[in-house]
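Take a look at the structure below.
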Amino acid sequence: MAVRARQWLVPMAPALLLLGLFVAGPILWSGYVSFTNAALTGAAATEPEFVGLENFRRLFSDPALWHSAWLTVVFTVGSAVIGQNCLGMLIAVLTQHRNRWLRTTVGTVVVSAWVLPELVAAFAVYAFLNSEGTLNNVLVSMGLEPRDWLYTVPMLAVVLANVWRGTAFSMLVYQASLSEVPSDLVEAAEVDGAGPFRRFWHVTLPIIRRSVLTNLMLITLQTIGLFTLIYVLTAGGPNAATQTLPLLMYDSAFEFHEIGYGATISLVLLLIGGLFALVYAKSLGDPDSRGDGV
C-alpha cells in the first residue's frame, strides 16, 4: 500500500503544492484575517488585533449584506441559470442539423465574445450602452429618445452583458452533448408521432441531463464570483443597485480599508458557492440523473 501511495503521490505533488499555495493558502489566510480588525491604514495595518466573531456579528446585522446577497442571486439566476444556460441550449439545438457553414458562422460569432478578456469585453459593452454609446446613437438616428441604460436599468444591463459574454461555454457543452444522443431514439420518437418539443423534452433532455447539471454548476460558480464586468460597467451603482457580494467585499476591503471585514464577506461568498456546488454535486450523484457525460 505504501508503494502504491508513493506512486500516486509523486506525480501529483506539484499540483498539490500549487493548490496549497494558491487555493488553500488564501482561504486559510482569509479565515484568519476575518477574526481580526486588520486594515490598510491606521494602527490595525501594522498590528491587527483579534476581535473574535465581531466581524461576523457586524456583517449579519448589516442590511448591505442581505441587499448584496439578493442582488447576487438575481444576477446569477438571470445571467447564468436562465440566460447563458437556456440561450446556449437554444443555439446548440437550432444549429444541430444545419450545414457546416452556418454552424461555423454562428459558433464564431458567439465564441468571439467569450474569448475576449473580461476587461475588454466589459469596455465593449460600456461603449455600447453608455449615454453617448452606440445604442443611443442608433436610437437617435431613428428618431427615438436615448436613455442612460447603465443608470436607468443597471441590473438588466449587467445581466445582458454577462449573457452575451458567457453563452459560448454553454453552447459548446450542449453541442458536444447533443452529438452523443443516439439518433435511433429520436427517430423512433418521431415515428411514434412526437413533435420536436416532445422529442427534445422526453428523449434528448433526459439523456443529456448530467451535462446540463455540470454546465449549471460551472457557470453558477463562475458568475457568483464575477467582479470585473460589473465593476467596469457600474462599479456597483447607482445607489448600490448592482453591488453584488464581490463588489461589497471589494468596497469594504479596499475602499473603506477594512481588510478583516472584507475577508469576512469573502468567507460568506465562499460558503454560498460551496452550497451551490454541493446541491449540483448531489444532483449529479443521483442515479436518476445518469446519462451522458461532458
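Overview of results
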quantity	calculated
Any chance TRP101 is in the same structural domain as PHE227 (by the TED database), loosely packed, with under 12 Cβ neighbours inside 10 Å, assigned to a helix (DSSP H, G or I) and among the aromatic types (Phe, Trp, Tyr)	yes
Residue list for region 234-245, filter: of a type in the set (A, V, I, L, M) and either open to solvent by less than 10 Å² (accessible area, probe 1.4 Å) or touching a strand residue (DSSP E or B) at 6+ places or on another chain (Cβ under 8 Å) (or both)	LEU245
Matching option when the condition is more than 15 Å from ALA92 (Cβ to Cβ) and either among the small types (Gly, Ala, Ser) or within 17 Å of the chain's Cα centre (by Cα) (or both), among THR244, THR234	THR244
Breaking point among (1) polar (S, T, N, Q); (2) open to solvent by less than 20 Å² (accessible area, probe 1.4 Å); (3) modelled with pLDDT of 90 or more, for THR95	(3)
Scan of region 215-233 for residues that are open to solvent by less than 30 Å² (accessible area, probe 1.4 Å) and out of contact with any Ser or Thr (no Cβ under 7 Å at 6 or more places or on another chain), ordered by number	LEU216, LEU226, LEU229, LEU233
Hits in region 105-135 - residues which are open to solvent by 80 Å² or more (accessible area, probe 1.4 Å) and in a helix (DSSP H, G or I)	THR108, VAL109, TRP114, VAL115, LEU119, PHE123, TYR126, PHE128
Residue that is most open to solvent (accessible area, probe 1.4 Å) [pool: residues in region 158-172 that are out of contact with any Phe, Trp or Tyr (no Cβ under 8 Å at 6 or more places or on another chain) and closer than 11 Å to ILE219 by Cα]	VAL163
Residue satisfying all of: in region 177-203; of a type in the set (S, T, N, Q) and modelled with pLDDT of 85 or more; farthest from the chain's Cα centre (by Cα) among these	SER179
Subset of region 42-61 that is modelled with pLDDT of 85 or more and assigned to a loop (DSSP other than H, G, I, E, B) - its residue that is most open to solvent (accessible area, probe 1.4 Å)	GLU49
Selected residue (criterion: nearest to PHE75 (Cα to Cα)) from residues of region 136-155 that are among the hydrophobic types (A, V, I, L, M, F, W, C) and surrounded by 13 or more Cβ atoms within 10 Å (Cβ to Cβ)	MET155
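For every residue, the table says whether it meets (1) in contact (Cβ under 8 Å) with a residue 60 or more places away in the chain; (2) assigned to a helix (DSSP H, G or I); (3) surrounded by fewer than 22 Cβ atoms within 10 Å (Cβ to Cβ); (4) not small (Gly, Ala, Ser).
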position	(1), (2), (3), (4)
LEU247	yes, yes, no, yes
SER252	no, yes, no, no
HIS257	yes, no, yes, yes
LEU271	no, yes, yes, yes
ALA277	yes, yes, yes, no
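The values are calculated or read from the model by the stated rules, or taken from the named source; none is laboratory data. Keep in mind that this is a model prediction, so the values were computed, not measured. Cβ: placed from backbone, ideal geometry, glycine included. Neighbour counts: every protein chain shown. Please note that ligands, DNA and RNA were not included when accessible areas were found on the heavy atoms of the full protein model with its side chains. Shrake-Rupley method; radii C 1.70, N 1.55, O 1.52, S 1.80 Å.
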